[in-house]
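Read through the structure below, which is laid out as structure tokens, and then see the notes.
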Amino acid sequence: MTDPLAPVLAALGRAGRPSSDYDLNPETVLAEGRTLRSAGVLVAFETSGPEPLLYLTKRSSHLRHHPGQISFPGGKVDPGDAGPVGAALREAHEEIGLDPANVEVLGTLEPHETVTSFLVTPVFARIKAPFTPRPEAGEVAEVFTVPLSHIANPANFRVESRRWRGARRYYFVAPYGPYYIWGATARMLRSLADGMAG
């Protein structure tokens, strides 16, 4: 029987390249000695149904950073974490109630640099058994799923732009139903789509 995550595993096995929020804005000049903080996000799929489903969160509207945005569970690496993988697992447990014991880590993609000076490692995982998400009330407004087929298709991504800090900034978006997936989350998913496309 074919593993439903075989295309994801194939993408993880291919040599990728780091991505950033500046990919579509080549005129941006980055400081040479800039300091980036390490972070990890969990790109977790449940495979118990007819097709794999990716878990995403909608951040609470009252948060100071990225209110209302769509994101992966995850956050910065704390001193007690086992690197970005440990941070991703810990944060997913805190944010959506996903027990690390119910997670099989599959691998990582190259880190993604954000405009907020984080170097984010996408940690890909399989959720071993179905679970009921428990959104952390202070941070997460909603937990929802997106079919792998939606994010595997590069045609579902497009480039949009807006004025930001006095200049026009371009970024990927991959809307799904009422959810506007954009920015770093969409860029990391685009890296996955590109990897699955070979």
Worksheet item: With the contact rule set at Cα under 8 Å and sequence spacing of 6 or more, what percent relative contact order holds for the chain?
Response: 27 percent
Worksheet, complete the sentence: Per-residue ellipticity at 222 nm attributable to helices in the chain (runs of n ≥ 4 DSSP H, -39500 (n - 2.57) apiece, nearest 500 deg cm²/dmol) works out to -6000 deg cm²/dmol
Worksheet, complete the sentence: On each of the three principal axes the extent of the alpha-carbon atoms of region 2-41, given in whole Å and largest first, is 46, 22, 15
Worksheet item: Using unit Cβ charges (K, R positive; D, E negative) and no other charged atoms, how large, in debye to the nearest 20, is the dipole of region 105-147 about its Cα centre?
Response: 300 debye
Item to complete: Work out the FRET efficiency for residue 131 and residue 197 from their Cβ-Cβ distance, taking R0 = 25 Å, and round it to the nearest 0.05.
Response: 0.25
Item to complete: Take the alpha carbon atoms of region 173-188, find their center, do the same for region 1-66, and report the distance between the two centers in whole angstrom.
Response: 11 Å
Worksheet item: Separation between the residue 168 and residue 34 pseudo-spin-labels, each 7 Å from Cα along Cα→Cβ, expressed in nm?
Response: 2.2 nm
Worksheet item: Accessible surface of residue 159 in the full protein assembly, 1.4 angstrom probe, to the nearest 10 Å²?
Response: 80 Å²
Worksheet item: In whole Å, how far is the Cα centre of region 73-127 from that of region 130-157?
Response: 15 Å
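The values are calculated or read from the model by the stated rules, or taken from the named source; none is laboratory data. Everything quoted here is computed from the prediction, not taken from an experiment. No Cβ is skipped: glycine too gets one built from the backbone with ideal geometry, and neighbour counts run over all protein chains shown. The area values use the complete protein model at the heavy-atom level, side chains included, leaving out ligands, DNA and RNA. Shrake-Rupley method; radii C 1.70, N 1.55, O 1.52, S 1.80 Å.
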